[in-house]
1. Residues that are among the aliphatic types (A, V, I, L, M) and away from the ligand (no atom under 16 Å from the Cβ): does the range A:465-474 have at least one?
2. Name the residues in the range A:157-191 that are assigned to a helix (DSSP H, G or I) and either under 12 Å from A:Phe118 (Cβ atoms) or within 15 Å of the chain's Cα centre (by Cα) (or both), would you?
3. Residue check, B:Lys2 against (1) at the interface with chain C (Cβ under 10 Å from one of its Cβ atoms); (2) without any contact (Cβ under 8 Å) to a residue 60 or more places away in the chain, all met but one. Which one?
4. Could you run through the range B:12-34 and say how many residues are assigned to a strand (DSSP E or B) and either more than 9 Å from chain C (Cβ to nearest Cβ) or at pLDDT below 95 (or both)?
5. Name the single residue, out of those in the range D:23-49 being more than 25 Å from A:Gly153 (Cα to Cα) and within 11 Å of another protein chain (Cβ to nearest Cβ), that is most open to solvent (accessible area, probe 1.4 Å).
6. Please go through the range A:346-360 and give me each residue that is in contact with a strand residue (DSSP E or B) (Cβ under 6 Å, 6 or more places away or on another chain) and surrounded by 18 or more Cβ atoms within 10 Å (Cβ to Cβ), ordered by number.
7. Can A:Ala471 be described as open to solvent by less than 20 Å² (accessible area, probe 1.4 Å) and either within 29 Å of A:Ala564 (Cβ to Cβ) or among the acidic types (Asp, Glu) (or both)?
8. Can you tell me which of (1) part of a helix (DSSP H, G or I); (2) of a type in the set (A, V, I, L, M); (3) crowded, with 24+ Cβ neighbours inside 10 Å is the one A:Ile327 doesn't meet?
Amino acid sequence: MSAPRIVDQGLAREFGLTAEEYGRVLAIMGRTPSFTELGIFSVMWSEHCSYKSSRVWLKTLPTTAPWVIHGPGENAGVVDIGQGLAAIFKMESHNHPSFIEPFQGAATGVGGILRDVFTMGARPIANLNALRFGSPENPNTRRIVDGVVRGIGGYGNCVGVPTVGGEINFHPSYDGNPLVNAMTVGVARQDRIFLSAAAGIGNPVIYVGSRTGRDGIHGATMASAEFAEDAESKRPTVQVGDPFVEKLLIEACLELMATDAIVAIQDMGAAGLTSSSVEMAGKGGVGIDLDLDQVPQRETGMSAYEMMLSESQERMLIVIRPDRTDIARAIFDKWELDFAIIGHLTDTGRIVVRHQGVVEADIALAPLADEAPLYNRPTAPSPPPEPLGVLSDPIGIEDALIRLIGCPDIASRAWVWDQYDSTVGGQTVRRPGAADAAVVQVEGTTIGIALTTDCTPRYVAADARLGGAQAVVEAWRNLTAVGARPLAVTDNLNFGNPEKPEVMGQFADAIAGMGEACRALDFPVVSGNVSLYNETRAPDGSTIAILPTPAIGGLGVLEDAGQAIGLGLKPDLDVVLLGRT
Amino acid sequence: MKVRVTVMLKDGVLDPPGKAIGHALHTLGFPNVGMVRAGRVIELDLDETDPALAKAQADQMGRKLLANLVIETFTTEVVG
Amino acid sequence: MKVRVTVMLKDGVLDPPGKAIGHALHTLGFPNVGMVRAGRVIELDLDETDPALAKAQADQMGRKLLANLVIETFTTEVVG
Amino acid sequence: MKAGIVVFPGTNRERDMAIALKAASGRAPIMLWHRDTELPSLDLVVLPGGFSHGDYLRSGAMAAHAPIMTAVRAFAAAGGHVLGVCNGFQILTEAQMLPGALLRNSGMRFLSHDCILRVERGNTAFTRGWRKGDLFRAPLAHGDGNYAADMDTLDRLEGEGLVAFRYADADGSERNPNGSARSIAGVFSQNLRVCGLMPHPEDLVDPLMGGIDGRPLFDGLVEAFVQ
Ligand SMILES: Nc1ncnc2c1ncn2[C@@H]1O[C@H](COP(=O)(O)OP(=O)(O)O)[C@@H](O)[C@H]1O
């Protein structure tokens, strides 16, 4: 940041706020916001953080069941898996970063979803992913596939969490906008689950993990912006992941969680320090004072704006009991991670940010959350797909089979999963390729957790409601196929530009279908993520929306992992076909 | 002709290996080590006798393959 | 003082990254690339004003940690 | 059998190893921390898999300099048994407690799948559960498993019977997944008391996880220390 920019509507527009939204900022502030304050509003009100286009629809999904401990709203969903244990899981997208830098984009996507899960007190026990790439004929696809697969493996393998499943499709609509959805599942004791609502006026706020640099500033708003041709020039926003530090952070946080020190904890994900501090204080109904001079910094001369918006990876924010800071410091010293007290909770209901003796931001938290924009965007039925042609030249069963097996959407994925450590932890009962769902045993018990990711985007394109329902049903079937009782789903709703009524129509219909299926199967949605503005610019300058892709991550439980069923046919057994063909 | 392409991370990009190496050197008894940056070097034999052309080719290879220009920069030199 | 330590595999030690890069360059349309060797470079800021001492320290770091002398060799230079 | 497992920052297979050791010996191993400078009284020290210090620089390079390695070296010098698996093997070579080095896989990719190992020497504490020529399955999961050493070293290893395991096919012929010199998957120290290998027998000790091919390693160790 050189000379401070004048804050006005023009700057607000650059930050992704509409004129109406900026008017609302002015009304809340009662004055012109500072540069840093505008930055805070812009990221908190971005699509990524506020779900402003999707919230009205997400509310229609069923989210409860007797076994659901925490549904959407926390860092991840939590379900009862028996014996006093809970599975904690969520899926999250890193689509736009993975187009800009496939390796780092995918790697940091895995890192982010891992933090969402261990932040709640769970040791991560499995990773999955749902990937969509452009046409195999497109030369760029190979580079992106290679980078994404290396990135997922590079991060998960190093952290030591097995990658046990996933799915991959190819379609030209993803040419300029691949989808990288990563899912993590962890296990915690039900009485040791950590939430993010801050409490206790005066309690210290501590920062742990890596230092803050200038990486990824405005990543959250970028994640919400349709991909323009200048994507290349947005490159400096790339964040580099450090899975080694993440591994240390997992161990250190779990060690601290075994004490009674933590009041609330949240990872610094999109919009980093801003979203974590605003959400923690907001949920707890308290205020928060931050002293940015205390923030561990990797670079010199960082401004308040840069620190508040940085998306440097592998960082956590913790509200701690004041008499436990020494214990916490000792643990983070042991794991050689940065540790700093950067603020405390107040009774003002405001976030106050100080830097070098200047108050850089002072915002009432309630309106920042409550008056966030909420859009019920117009929907229109998406055009029905062109009818499939009648197969004019039957090619014979054998040739058809060969063609099918060779088709990129069906061909073996061994090339991919061979690069993912699927056995680390020593609990993987069904590895990739071995069954319709992966099965991982919970260490020290006989409980098996079955996991799958599913979606068939071309079905959703053909009929969004049925396609949304189908994705849920397929996940349910894959879980039951290994003998598991399906419990709940996480989702990752990847769609195009919601300001286009046909896209919004797909979105609404897909959610309606998912909801119907989830209700019918008693299979609630306990966490998820929405990624909009997934579009590619065609050579002629027009934009093409991706195929609508509501990826479903399903989780089920087996009381006895030893009962898990696999795919392999065994000799001397009968093969029975169920259902009408 | 032999050329050397040296690839380093751009300033400001997090360098996990550099950080870890600096840390290890401190513990090994080199307290006066400050910032450490880790990079890659690629040495290529080129069937080319004109140093200027060799360097030009190396530059092209750097841009096309050897460096990831999103996060890295590179330099080239003719070394023999 | 800034020093640079360049670590290369010893001659005769198989170099999978070098081989892969050479292969990729051929496919990318650089037919005149011969042998390729890949190595690492580590740039260190040293709190030291005497170039000779800085280099001596870098040599020590190379031996102790930065290179694995079973398979690698290294060179050091003061670069600023 | 009293076993200790060394945990470095970034180690991630210590729990797998603990499960395997406990299953064989009935006794939970002691977890040791990389900054410890002394070892308790032990029969066996294990350096498990993972990415110590992120494997930045070179796999195992920084861990080889950890304070505990001085104690591990002394333990081995006094005749103690040390097992290094995957990253543990890399650390043992970096610490020069085992010959050679582990380079990037020849295919330049991380590999994760089951491989078959051929036992090249029985009658050691580590291989007494097998006989020479036995084949067994073990998951491998590594990016830097390409064993390298100069010709003289390789010839010496072969000559002195210090090759522990080779990658093989189901019929016992060599099959090399990662470019390792002479398909070597694991080696012994001169006195046969230090053993390193890349694949993970500890991840195949339970029928539920796909088999018990790795059990003879741990059962054999237990037997060795009973006598
Ligand atoms: N991206 C991926 N990562 C890990 N495993 C994958 C990935 N894609 C597919 N797999 C695995 O490959 C197997 C077959 O994949 P897929 O064809 O999508 O299965 P399904 O028959 O359920 O549609 C499954 O075990 C799946 O988990």
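1. Yes, there is a match, as at least one residue in the range A:465-474 is among the aliphatic types (A, V, I, L, M) and away from the ligand (no atom under 16 Å from the Cβ).
2. The first filter runs over the range A:157-191 and keeps only residues assigned to a helix (DSSP H, G or I), leaving A:157-159, A:172-174, A:190-191.
Across the range A:157-191, the qualifying residue is only A:Val159.
3. Status for B:Lys2: all satisfied but (2).
4. Looking only at that region, the number is 0.
5. Selected residue: D:Arg35.
6. Within the range A:346-360, A:Arg350, A:Ile351, A:Val353, A:Arg354, A:Glu360 qualify.
7. yes
8. (3)
The values are calculated or read from the model by the stated rules, or taken from the named source; none is laboratory data. Just so it is clear, the model here is predicted, and its values are computed rather than measured. Please note: Cβ atoms are built from the backbone with ideal geometry, for glycine as well, and neighbour counts cover all protein chains shown. Ligands, DNA and RNA are stripped out before the accessible areas are found, and what is left, the full protein with its side chains, is counted by its heavy atoms. Shrake-Rupley method; radii C 1.70, N 1.55, O 1.52, S 1.80 Å.
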